[in-house]
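The values are calculated or read from the model by the stated rules, or taken from the named source; none is laboratory data. Remember, it's a predicted structure, so these values are computed and weren't measured experimentally. Because the Cβ atoms are built from the backbone with ideal geometry, glycine has one as well, and the counts that use them run over all protein chains shown. All accessible areas refer to the heavy atoms of the entire protein, side chains included, with ligands and DNA or RNA removed. Shrake-Rupley method; radii C 1.70, N 1.55, O 1.52, S 1.80 Å.
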Amino acid sequence: MTDDCLKTTPLHALHKELGGKMVPFAGYDMPVQYPMGIMAEHLHTREKAGLFDVSHMGQATLKPKGAGDAAQALEKLTPGALESLKPGAMRYTMLLNERGGILDDFMVTRPIDDDKALYLVVNAGCKEQDFAHIAASLADEADLYVHEDRVLLALQGPKAASVLETVIPNIGTLGFMQARWLDHDGETLIISRAGYTGEDGFEISLPVSIADAFARRLLDHEDVAMIGLGARDSLRLEAGLCLYGHDISVETTPVEAGLRFAIPKSRRARADFPGAKTIMAQLSDGPDRVRVGFRPVDRTIAREGTKITTSDGEKVIGHVTSGGFAPSVGGPVGMGYSDPAFAEPGTAIGLLVRGKVRPARITTMPFVPHNYVRKSPTKTG
Amino acid sequence: MTRTYYSEDHEWITVNEDEGTVGITEYAQSQLGDVVFVELPEVGAVLSKGDDAAVVESVKAASELYAPVTGEVTAVNHSVVEEPSLVNTAPMDDGWFFTLKLTDPSELDEMMDEEAYEAYVKDLG
């Protein structure tokens with residue numbers, strides 16, 4: 001049964017046909033798992049290729065008014081170096097508020113055929129407010145075109161490239177964090193070498209009209225299984241990647257969240273992004289808390305909201321923002337925020353679960369090695 | 001002679017005289033999905049009917065197992081702690097949780113027999 005208030009993606013019928021167990025997520029009726037189950041879906045993605053419907057995410061193109069550059073405009077709202085993006089290059093960045101809090105994290109890509117525009121993919125739960133914020137803040141410089149008519153698929157895993165090449169010849173030559181705009185049966189596909197599982201893979205933006213057939217064509221391949229939100233969450237957690245609204249939010253800054261890489265030198269030198277005062281101070285003095293990864297010593301699962309304590313349980317030093325069983329690790333893992341004094345990998349900590357302090361250790365992230373494709377044709381060395 | 005009783009919370013208890021073995025049903029394990037963690041009560045713990053007795057965590061969420069009747073815990077199944085997937089593969093036998101010495105066997109009268117439980121699950125859709 002579908003709640004009347006919930007939206008559906010254009011692949012909703014396919015999810016139901018495949019036996020997807022539907023749950024509400026970010027206002028959409030989405031598959032949390034298929035009959036294979038979260039654990040098997042997770043392992044399938046790490047071993048072969050998983051197909052994800054991420055059409056609930058927001059897609060848009062930002063175009064400059066007149067002769068300007070949309071990237072220059074968008075830099076006013078983010079700490080990223082976007083103006084330097086070459087056609088086909090993709091970057092991870094964030095919308096920040098005046099306190100340096102993260103309004104959303106998202107991907108920007110420079111279109112191949114328009115070096116003054118940007119193609120954006122933002123989180124489902126934030127898309128309305130992100131687009132309103134961008135459109136209103138940059139009203140004098142740029143126009144935002146939201147792509148309501150496009151589906152977004154993610155094909156992730158070590159077999160993703162060989163599978164996609166059966167439909168899109170030579171797509172395997174695409175470099176990591178690079179994108180191509182392609183003509184496919186008269187329609188435009190936007191294919192990027194990216195994803196959020198820690199595996200090699202692609203995100204494919206395509207018009208609604210061909211989406212169902214395209215997804216079925218990929219699913220016909222023996223290496224491909226449809227994967228639900230449950231495994232998407234455990235895959236990104238193992239990969240040490242943040243989930244917006246949990247591991248990062250308006251209450252956290254990029255420095256606290258360990259996302260310093262998204263504030264390049266050129267932007268630090270200019271210090272002209274929202275919240276720069278707070279963020280520059282945290283960069284020089286260190287933040288009061290930092291995002292950490294941990295592994296419980298036993299099989300205890302410490303879920304979101306669990307208090308992190310000193311190893312003797314005497315003092316609360318932080319809290320868990322994501323935690324669960326990690327199928328490829330074969331045990332529980334988690335991430336959260338901690339007093340920086342306890343953030344060193346190897347530090348013994350406690351997790352307050354059901355009234356008892358359970359032993360755990362701070363560990364480096366990711367919990368499983370990233371398996372991104374290394375070649376990047378636009379770079380040398 | 002042993003008889004098995006079922007609760008509305010999807011626990012089962014198989015009783016032989018005043019000793020009962022407790023676990024979760026096939027329906028419960030199918031709803032939970034892959035079980036990855038089990039925490040059991042201590043031997044000797046005295047549980048009242050409805051008390052939190054054990055914790056079952058799947059990849060999706062944590063759930064409590066409630067004591068279906070009042071009694072004292074006499075043994076626990078360490079195998080499900082070591083290998084939580086037993087709860088998925090054999091919920092009605094090797095995936096048992098603990099045994100109880102029943103304080104008041106008349107509490108069993110409020111539980112369902114297999115036929116009634118099957119009808120109850122069917123109604124849940």
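Computed values, structure above
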{"item": "Residue satisfying condition, being without any contact (Cβ under 8 Å) to a residue 24 or more places away in the chain and either open to solvent by 30 Å² or more (accessible area, probe 1.4 Å) or closer than 25 Å to B:SER58 by Cβ (or both), within set A:PRO31, A:PRO35, A:PRO10", "result": "A:PRO35"}
{"item": "Single unsatisfied condition, A:VAL32 versus (1) more than 14 Å from chain B (Cβ to nearest Cβ); (2) in a strand (DSSP E or B); (3) within 18 Å of the chain's Cα centre (by Cα)", "result": "(1)"}
{"item": "Strands (runs of 3 or more DSSP E) wholly inside the range A:195-304 containing at least 3 residues that are touching a residue at least 60 places away in the same chain (Cβ under 8 Å) and assigned by TED's automatic domain parsing to the domain that holds A:GLY175", "result": "A:201-207, A:224-226"}
{"item": "Strands (runs of 3 or more DSSP E) completely within the range B:1-108 that count 3 or more residues being surrounded by fewer than 18 Cβ atoms within 10 Å (Cβ to Cβ) and modelled with pLDDT of 95 or more", "result": "B:71-76"}
{"item": "Residue among A:ARG110, A:ARG150, A:ARG91 that is closer than 29 Å to A:TYR28 by Cα, in contact with a strand residue (DSSP E or B) (Cβ under 8 Å, 6 or more places away or on another chain), open to solvent by less than 10 Å² (accessible area, probe 1.4 Å) and of a type in the set (D, E, K, R)", "result": "A:ARG110"}
{"item": "Tally of residues being within 11 Å of chain A (Cβ to nearest Cβ) and either among the charged types (D, E, K, R) or touching a Cys at 6+ places or on another chain (Cβ under 9 Å) (or both) across the range B:56-107", "result": "5"}
{"item": "Sole residue being at negative phi and buried (at least 24 other Cβ atoms within 10 Å of the Cβ), chosen from A:GLY50, A:GLY125, A:GLY101, A:GLY68", "result": "A:GLY50"}
{"item": "Flag if A:ASP183 is farther than 30 Å from A:VAL290 by Cβ and in contact (Cβ under 8 Å) with a residue 60 or more places away in the chain", "result": "no"}
{"item": "Criterion: in contact with a Pro (Cβ under 6 Å, 6 or more places away or on another chain) and of a type in the set (A, V, I, L, M) - qualifying residue of A:VAL320, A:VAL316, A:VAL290", "result": "A:VAL290"}
{"item": "Test: residue in the range A:215-231 that is within 23 Å of A:THR306 (Cα to Cα) and either of a type in the set (Phe, Trp, Tyr) or open to solvent by 10 Å² or more (accessible area, probe 1.4 Å) (or both)", "result": "yes"}
{"item": "Verdict on A:ALA40 being in a helix (DSSP H, G or I) and under 16 Å from A:ARG232 (Cα atoms)", "result": "yes"}
{"item": "Unmet criterion (only one of (1) under 24 Å from A:TYR244 (Cα atoms); (2) within 14 Å of chain B (Cβ to nearest Cβ)) for A:THR9", "result": "(2)"}
{"item": "Of residues in the range A:312-330 being surrounded by fewer than 16 Cβ atoms within 10 Å (Cβ to Cβ) and not hydrophobic (A, V, I, L, M, F, W, C), the one nearest to the other protein chains (Cβ to nearest Cβ)", "result": "A:GLY330"}
{"item": "Scan of the range A:93-141 for residues that are β-branched (Val, Ile, Thr) and in a loop (DSSP other than H, G, I, E, B), ordered by number", "result": "A:ILE112"}
{"item": "Residue among A:LYS16, A:LYS76, A:LYS86, A:LYS63 that is open to solvent by 10 Å² or more (accessible area, probe 1.4 Å) and free of Cβ contacts under 8 Å to residues at least 12 places away in the same chain", "result": "A:LYS16"}
{"item": "Qualifying position, being open to solvent by 40 Å² or more (accessible area, probe 1.4 Å) and touching a helix residue (DSSP H, G or I) at 6+ places or on another chain (Cβ under 9 Å), among A:PRO359, A:PRO366, A:PRO345", "result": "A:PRO366"}
{"item": "Subset of the range A:246-271 (residues that are surrounded by fewer than 16 Cβ atoms within 10 Å (Cβ to Cβ) and touching a helix residue (DSSP H, G or I) at 6+ places or on another chain (Cβ under 6 Å))", "result": "A:ALA271"}
{"item": "Selection count where residues are closer than 16 Å to A:ASP130 by Cα and touching a Ser or Thr at 6+ places or on another chain (Cβ under 8 Å), scope the range A:81-97", "result": "4"}
